[in-house]
1. So Pro159 passes all but one of these: (1) part of a helix (DSSP H, G or I); (2) under 23 Å from the mean Cα position of the chain (by Cα); (3) closer than 30 Å to Thr248 by Cα. Which condition number does it fail?
2. I need the full set of residues from region 93-114 which are touching a residue at least 40 places away in the same chain (Cβ under 8 Å) and among the hydroxyl-bearing types (Ser, Thr, Tyr), in order please.
3. State the number of residues belonging to region 41-65 that are more than 15 Å from Arg99 (Cβ to Cβ), assigned to a helix (DSSP H, G or I) and of a type in the set (A, V, I, L, M).
4. Can you pull out the residues in region 243-288 that are among the polar types (S, T, N, Q) and part of a helix (DSSP H, G or I)?
5. Being of a type outside the set (A, V, I, L, M), within 20 Å of Ala32 (Cα to Cα), within 18 Å of the chain's Cα centre (by Cα) and crowded, with 18+ Cβ neighbours inside 10 Å narrows it down to one residue among Gly243, Gly223; which is it?
6. Can you tell me which residue among Thr180, Thr162 is out of contact with any Ser or Thr (no Cβ under 6 Å at 6 or more places or on another chain), of a type in the set (Ser, Thr, Tyr) and closer than 19 Å to Ile219 by Cα?
7. Just to be sure, is Val108 touching an Asp or Glu at 6+ places or on another chain (Cβ under 9 Å) and of a type in the set (Val, Ile, Thr)?
8. Scan region 228-242 and give yes if some residue there is farther than 30 Å from Gly97 by Cα, modelled with pLDDT under 90 and not in a helix (DSSP H, G or I), otherwise no.
Amino acid sequence: MSDTLSAEVKMIQNRPGRLREFWFYFRENRGAVFGLWIFVGFVLLAAFAPLIAPHDPSAQFRAFALRPPVWQDGGTWRFPLGTDPLGRDMLSRLIVGARYSFFVGIVVVAVAASGGIIIGLVAGFAPRWLDAIIMRIMDIILAFPSLLLALVLVAVLGPSLTNAMIAIAIVLQPHYVRLTRASVLSEKQKDYVTSARVAGSGLIRLMFVTVLPNCLAPIIVQGALSFSTAILDAAALGFLGMGAQPPTPEWGTMLAEAREFILRAWWVVTFPGVAILVTVLAINLMGDGLRDALDPKLKRS
């Protein structure tokens, strides 16, 4: 009996912490680890952009307009990735543009997730008629193509990066509402919620302290995927002239400014497009790893 008890105690003591357990399952997905390192690299690039960028992203060197990258046609090392039609350094604009893209992703996910979680919690605990009203409103928003709805909202609010972020957050919010509501409906039937009710927990405590922490795993995965969606939508709005306005070095705006030079200056459209592609791919790979690490059904014993 004592041997069995000591074995159980030893097993509990050797059980890895939550963070260690998360990293154990996360690193099994090599693509997710690769995406994480790429993401960290872009974050550091954005954080130290003023120190890393060789030039002011708005500085115009007219004598070097549309200069090719250093490896093509004798380009200069002063502009390793070439220059745009106004003579601005492409490398500097790409580095500083990472700040805008990550800023958009952070703000959009924060606004959409916070609002969506609150509305989803209310829907999950509300009477049936109020739950039906909330979900029908979410269904109406989801019925519109996301980019089209964002375009309409930006057209009403006015073209700017701030209004683009507001529009994208509104478009993404229903996903968090539906996900949170589904998790709440599943969790509130469990014994620990019943015990909390019997113990006298109020509705607010029940929602935010008892139930919400157990609903966070799928919300975190959705947040990672929404981050990449926000970057893509912001770039699309910028490309259409409804997002960040020139001379802001946002990747979508850079693509819009370079449209007429696609055939004779490939670098002015290729590098911003590759930056968007690599960033979104890295975040999506991270999202897959988060799903594998946080979903207990996918964990191997």
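The values are calculated or read from the model by the stated rules, or taken from the named source; none is laboratory data. The structure displayed is predicted, hence computed values, not measured ones. Backbone-built Cβ (ideal geometry, glycine too); neighbour counts: all protein chains shown.
1. Among (1) part of a helix (DSSP H, G or I); (2) under 23 Å from the mean Cα position of the chain (by Cα); (3) closer than 30 Å to Thr248 by Cα, the lone unmet condition for Pro159 is (1).
2. Hits for region 93-114 are Tyr100, Ser101.
3. Within region 41-65, the subset more than 15 Å from Arg99 (Cβ to Cβ) is 54-55, 59-65.
Of the ones still in play, those that are also assigned to a helix (DSSP H, G or I) are 62-64.
This time we only want the ones that are of a type in the set (A, V, I, L, M), so: 63.
Total meeting the criteria: 1.
4. The first filter runs over region 243-288 and keeps only residues among the polar types (S, T, N, Q), leaving 245, 248, 253, 270, 279, 284.
Result: Thr253, Thr270, Thr279, Asn284.
5. Values: Gly243 fails: within 20 Å of Ala32 (Cα to Cα).
Among Gly243, Gly223, only Gly223 is of a type outside the set (A, V, I, L, M), within 20 Å of Ala32 (Cα to Cα), within 18 Å of the chain's Cα centre (by Cα) and crowded, with 18+ Cβ neighbours inside 10 Å.
6. Values: Thr162 fails: closer than 19 Å to Ile219 by Cα.
Every option except Thr180 fails the conditions.
7. Answer is yes for this residue.
8. no
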